[in-house]
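Taking it in order: structure first as structure tokens, then the write-up.
The values are calculated or read from the model by the stated rules, or taken from the named source; none is laboratory data. Given the structure is predicted, the values throughout are model-derived calculations rather than measurements. So basically every Cβ, Gly included, is an ideal-geometry build from the backbone, and we count neighbours across all protein chains shown. Just so you know, the surface numbers come from the protein's heavy atoms only, side chains and all, with ligands and any DNA or RNA stripped out. Shrake-Rupley method; radii C 1.70, N 1.55, O 1.52, S 1.80 Å.
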Amino acid sequence: MDDNERATPGVDHFDPRGDTQPRSPGRRRFLQSAGASGLAIAAAPALSQVSYAGSPDQPQTQADAPPAEGQQRITLTVNGQPHRLDVTPNVILLDALRHGLGLTGTKKGCDHGQCGACTLLVNGTAINACLSLAVSHDGDAITTVEGLEKNGQRHPIQQAFLEHDAYQCGYCTAGQMMSAVAIINDDAIGTSDAEVREAMSGNICRCGAYKNIVAAIQSARGKLAGDPA
């Protein structure tokens, strides 16, 4: 081993030939910067493939530009308001809402449909917005957590979550609320605590507020049924 190959104390690494070689700081910095650049390049298209194209309620003029090459114009009725968006075929509904309409209440969690943070309602049915392509919802009615409040009044599930302290960090709360609304509106789902817990099992609360979440759902159910208790 010559002087250029001598191990540097504290930075040795195993070499299968039985030698130790210095771990080059320049190489480490290069790999780190390359990795960060790769992530940035991978993430950038997802944010740039959706753009707002106006409201169908407003008449189009000759100045309205058609969708860019590779994009498709879709219409979504979100929280009662129609919107046009230009999206590429691979844009997920979650990104279309967050980056196209600025509705950031719906959260991006695992991005694999496992945590439930992105849950919203499409035509009244709860779905994971991270697993659904925006183009497949052309013409659909979508409700996000921002649409639960009506005329300045909180939805009973929102009020119940406050009263029962059914959150801690709050990141999963929007998805929890949307699943809860779907459960309460679904007559096929039983009303016992055990049945509610089973129906809510697709929504993960990393803070462990499950007991309070169930209490909030049952309380909101009672208020929606006209029971003040």
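Identify all residues within the range 133-164 that are of a type in the set (A, V, I, L, M) and either in contact (Cβ under 8 Å) with a residue 12 or more places away in the chain or surrounded by 19 or more Cβ atoms within 10 Å (Cβ to Cβ) (or both); write none if there are none. Before you say what the answer is, go through the steps one by one.
Restricting attention to the range 133-164, the residues satisfying the condition of being of a type in the set (A, V, I, L, M) are 133-135, 141-142, 145, 148, 157, 160, 162.
Residues satisfying the conditions are L133, A134, V135, A141, I142, V145, L148, I157, A160.
What are the pairs with Cβ atoms under 8 angstrom where one residue, in the range 165-187, is more than 12 Å from T119 (Cα to Cα) and of a type in the set (V, I, T) and the other, located anywhere, is at pLDDT below 95 and part of a helix (DSSP H, G or I)? Sequence gap at least six, or different chains.
Pairs that qualify, where the first residue is more than 12 Å from T119 (Cα to Cα) and of a type in the set (V, I, T) and the partner is at pLDDT below 95 and part of a helix (DSSP H, G or I), are I184/L224.
Would it be correct to say that T106 is open to solvent by 60 Å² or more (accessible area, probe 1.4 Å), in a loop (DSSP other than H, G, I, E, B) and in contact with a Lys or Arg (Cβ under 8 Å, 6 or more places away or on another chain)?
Working: open to solvent by 60 Å² or more (accessible area, probe 1.4 Å): no; in a loop (DSSP other than H, G, I, E, B): yes; in contact with a Lys or Arg (Cβ under 8 Å, 6 or more places away or on another chain): yes.
No; evaluated as a whole, the condition is false for this residue.
What are the residues in the range 70-82 that are open to solvent by less than 40 Å² (accessible area, probe 1.4 Å) and either over 13 Å from L120 (Cβ atoms) or in a helix (DSSP H, G or I) (or both), if any? Spell out how you get there, then give the answer.
Narrowing the range 70-82 to residues open to solvent by less than 40 Å² (accessible area, probe 1.4 Å): 74, 76, 78, 82.
Of everything in the range 70-82, those that are open to solvent by less than 40 Å² (accessible area, probe 1.4 Å) and either over 13 Å from L120 (Cβ atoms) or in a helix (DSSP H, G or I) (or both) turn out to be I74, P82.
Looking at (1) under 13 Å from the mean Cα position of the chain (by Cα); (2) surrounded by 18 or more Cβ atoms within 10 Å (Cβ to Cβ); (3) closer than 27 Å to D57 by Cα, can you tell me which one N203 breaks?
(3)
Does L85 satisfy the criteria of being surrounded by 16 or more Cβ atoms within 10 Å (Cβ to Cβ), over 23 Å from A182 (Cβ atoms) and touching a helix residue (DSSP H, G or I) at 6+ places or on another chain (Cβ under 9 Å)? Step through it out loud before you land on a result.
Values: surrounded by 16 or more Cβ atoms within 10 Å (Cβ to Cβ): yes; over 23 Å from A182 (Cβ atoms): yes; touching a helix residue (DSSP H, G or I) at 6+ places or on another chain (Cβ under 9 Å): yes.
Here the answer is yes, as L85 does meet what is asked.
Quick one: in the range 140-167, which of the residues that are in a helix (DSSP H, G or I) and over 17 Å from the mean Cα position of the chain (by Cα) is farthest from V122 (Cα to Cα)?
The selected residue is E163.
Mind checking whether some residue in the range 208-217 is closer than 18 Å to A126 by Cα and open to solvent by 70 Å² or more (accessible area, probe 1.4 Å)? Explain how you work it out, then say what you get.
Filtering the range 208-217 for residues closer than 18 Å to A126 by Cα gives 213-214, 217.
Retained after the next criterion (residues that are open to solvent by 70 Å² or more (accessible area, probe 1.4 Å)): none.
No, the range 208-217 contains no residue that is closer than 18 Å to A126 by Cα and open to solvent by 70 Å² or more (accessible area, probe 1.4 Å).
Just to be sure, is C130 part of a helix (DSSP H, G or I) and either touching a Pro at 6+ places or on another chain (Cβ under 7 Å) or open to solvent by less than 40 Å² (accessible area, probe 1.4 Å) (or both)? Walk me through it before giving the result.
Numbers: part of a helix (DSSP H, G or I): yes; either touching a Pro at 6+ places or on another chain (Cβ under 7 Å) or open to solvent by less than 40 Å² (accessible area, probe 1.4 Å) (or both): yes.
Yes; evaluated as a whole, the condition is true for this residue.
Among the listed residues G190, G113, G170, G202, which satisfies the condition of being in a loop (DSSP other than H, G, I, E, B), on the phi > 0 side of the Ramachandran plot and out of contact with any Leu (no Cβ under 6 Å at 6 or more places or on another chain)?
Answer to the selection: G170.
For the range 205-229, which residues satisfy the criterion of being at pLDDT 95 or above, in a loop (DSSP other than H, G, I, E, B) and over 19 Å from N128 (Cα atoms)?
Those that are at pLDDT 95 or above, in a loop (DSSP other than H, G, I, E, B) and over 19 Å from N128 (Cα atoms): C207, G208, A209.
Do the conditions hold for G202, that is, is it more than 20 Å from G147 (Cβ to Cβ), of a type in the set (G, A, S) and in contact with a strand residue (DSSP E or B) (Cβ under 9 Å, 6 or more places away or on another chain)?
For G202, the condition - more than 20 Å from G147 (Cβ to Cβ), of a type in the set (G, A, S) and in contact with a strand residue (DSSP E or B) (Cβ under 9 Å, 6 or more places away or on another chain) - is met.
What single numbered condition from (1) touching a Lys or Arg at 6+ places or on another chain (Cβ under 7 Å); (2) under 30 Å from R197 (Cβ atoms) fails to hold for R73?
Going through the list (1) touching a Lys or Arg at 6+ places or on another chain (Cβ under 7 Å); (2) under 30 Å from R197 (Cβ atoms), R73 breaks only (2).
Among the listed residues L101, L97, identify the single one that is crowded, with 22+ Cβ neighbours inside 10 Å and either touching a residue at least 40 places away in the same chain (Cβ under 8 Å) or of a type in the set (A, V, I, L, M, F, W, C) (or both). Outline the logic, then answer.
On the way: L101 fails: crowded, with 22+ Cβ neighbours inside 10 Å.
Unique residue meeting the criteria: L97.
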